[in-house]
Amino acid sequence: MKKSLLMVNTGAGKGKTTAALGTAFRALGHGYRVCVIQFLKGAWTYGEKISAERFGDLLEFHVMGRGFTWTSDDFEKDTALARDAWSLAREKIDSRAYRLVILDELTYLITYKMLEEAEVVSFLENRPEEVHILVTGRNASDGLIRAADMVTEMAAIKHHYAAGIQAQKGIEF
Ligand code: ATP
Ligand code: MG
């Protein structure tokens, strides 16, 4: 039976975005079109930008926002940007042009209340039958977890950063 899945990669450990990209790699291998929307500026690094170009029209990605954080000096402006990004995501999902849509770091927009959880969850629950959705980001909210078909929590058992090891090319960026 074919089914469109709502999947969530969450938790404090490393691997949420890279596992999503691994899923994209798998889907692209079948010739499926994939759309990645990155809700946080800078979350998509050079390595994947260069790789993405090699897939041509099959893989599309959008970088939204300007670094939504608690350090934001203009919440109203960031919220407006978040809403624009969310509106693009809805448009891409509703277009049914992609087999997989990755919403990278979407959880933050819910955590910071730039988007209303109920609105996001209700839209994702009513996704088209032929579109898989993969959400990444820490602290996935309860409603999102309830609505999802699959939730994986990456646990930070150990990270090289704690030992003072800088981000490595090909691993971190
Ligand atoms: P990745 O993109 O490597 O899969 P991620 O999506 O799980 O990571 P994010 O919260 O998006 O994690 O943060 C991305 C960056 O933060 C990566 O450079 C990653 O190495 C680093 N990072 C992730 N988890 C940890 C951690 N537990 N401690 C320190 N740095 C981390
Ligand atoms: Mg990430």
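Computed values, structure above
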{"item": "Candidate set from the range 85-117 (those that are more than 16 Å from ligand 2 (Cβ to nearest atom) and among the polar types (S, T, N, Q)); member that is most open to solvent (accessible area, probe 1.4 Å)", "result": "Ser95"}
{"item": "Among residues of the range 23-33, those that are open to solvent by less than 40 Å² (accessible area, probe 1.4 Å) and within 14 Å of ligand 1 (Cβ to nearest atom), counted", "result": "1"}
{"item": "Output for the range 118-152, where each listed residue is within 16 Å of ligand 2 (Cβ to nearest atom) and either farther than 21 Å from Val36 by Cβ or in a loop (DSSP other than H, G, I, E, B) (or both)", "result": "Gly137, Arg138, Asn139, Ala140"}
{"item": "Index of the failed condition, Val135 passing every other in (1) without any contact (Cβ under 8 Å) to a residue 60 or more places away in the chain; (2) touching a helix residue (DSSP H, G or I) at 6+ places or on another chain (Cβ under 8 Å); (3) of a type outside the set (S, T, N, Q)", "result": "(1)"}
{"item": "Hits in the range 133-153 (condition: open to solvent by less than 60 Å² (accessible area, probe 1.4 Å) and in contact with a Phe, Trp or Tyr (Cβ under 9 Å, 6 or more places away or on another chain))", "result": "Gly137"}
{"item": "Pairs with Cβ under 9 Å, 6+ apart, first in the range 150-173 and free of Cβ contacts under 8 Å to residues at least 40 places away in the same chain, second near ligand 1 (Cβ under 7 Å from one of its atoms) and among the polar types (S, T, N, Q)", "result": "Ile171/Thr18"}
{"item": "Of the criteria (1) within 18 Å of Ala89 (Cα to Cα); (2) basic (Lys, Arg); (3) within 16 Å of ligand 1 (Cβ to nearest atom), which one Lys14 fails", "result": "(1)"}
{"item": "Members of the range 154-172 that are open to solvent by 90 Å² or more (accessible area, probe 1.4 Å) and either touching a Phe, Trp or Tyr at 6+ places or on another chain (Cβ under 7 Å) or within 11 Å of ligand 1 (Cβ to nearest atom) (or both)", "result": "Ile157, Lys158, Tyr161, Ala162, Gln166, Ile171"}
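Each row is one residue, and each column tells you yes or no for (1) out of contact with any Gly (no Cβ under 8 Å at 6 or more places or on another chain); (2) within 21 Å of Gly22 (Cβ to Cβ); (3) among the aromatic types (Phe, Trp, Tyr).
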{"position": "Glu116", "(1), (2), (3)": "yes, no, no"}
{"position": "Pro128", "(1), (2), (3)": "yes, no, no"}
{"position": "Val131", "(1), (2), (3)": "yes, yes, no"}
{"position": "Arg138", "(1), (2), (3)": "no, yes, no"}
{"position": "Ala147", "(1), (2), (3)": "yes, no, no"}
{"position": "Met150", "(1), (2), (3)": "yes, yes, no"}
{"position": "Met154", "(1), (2), (3)": "no, yes, no"}
{"position": "Gly164", "(1), (2), (3)": "yes, no, no"}
{"position": "Ala167", "(1), (2), (3)": "yes, yes, no"}
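The values are calculated or read from the model by the stated rules, or taken from the named source; none is laboratory data. Just so it is clear, the structure is predicted and the values come from calculations on it, not from any experiment. Here Cβ is always computed from backbone atoms with ideal geometry, including for glycine, and neighbour counts include all displayed protein chains. The area values use the complete protein model at the heavy-atom level, side chains included, leaving out ligands, DNA and RNA. Shrake-Rupley method; radii C 1.70, N 1.55, O 1.52, S 1.80 Å.
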